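See structure below.
Derivation of every value follows stated rules applied to the coordinates shown; laboratory data play no part. None of these values were measured; they are calculated from a predicted model. Methodologically, a virtual Cβ is constructed for each residue, glycine included, from the backbone with ideal geometry; neighbour enumeration extends over all protein chains shown.
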Amino acid sequence: NALVLSATSKDSDMSEVTRKFGCMPIDSIIFTKLDESASYGSLFNHAIRFKKPLSYLTVGQKVPEDIEVASRERLVDLLLNISGT
């Protein structure tokens, strides 16, 4: 089971949603709308705070083309802004 959160949400809103769904078994987090956000630190902080791995990321409106696996390489790229995306 994955919890789906928007990358454009405030950190406090993401935390509240995660707490409300805490009664359900959550195996991972999917972050959507990365194409609409300029910073990603709160995404990583959230995953660490709630001890949940990131499974997928979405970067646009096209399904399934804009769904990406949250690979180690992609996460490092987002965190360090290596490719500029």
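Points to keep in mind about this one:
- The ranking of Leu57, Leu3 by Cβ neighbour count inside 10 Å, starting from the fewest, reads Leu3, Leu57.
- Within the chain, helix-based [θ] at 222 nm, where runs of 4 or more DSSP H residues each add -39,500 (n - 2.57), nearest 500: -9500 deg cm²/dmol
- Legend: Rg and Dmax of region 2-80, from Cα coordinates, 11.9, 34 Å.
- Residue order, fewest to most surrounding Cβ atoms within 10 angstrom, among Met24, Met14: Met24, Met14
- Sequence of Leu75, Leu5 once ranked by neighbouring C-beta atoms within 10 Å, starting from the fewest: Leu75, Leu5
- The per residue volume of the convex hull around the alpha-carbon atoms of region 19-61 is 83 Å³.
- Computed over region 2-80: relative contact order in percent, which uses C-alpha pairs under 8 Å that are six or more apart: 29
- Note on region 2-80: antiparallel DSSP beta bridges, both residues inside, total approximately 25 percent of the bridges counted.
- Reach of Lys20 by Cα under 20 Å, taken over lysines that are not fewer than 8 positions away in the same chain: Lys10, Lys51, Lys52
- Candidate lysines - alpha carbon under 21 Å from Lys62, same-chain residues fewer than 8 apart omitted: Lys33
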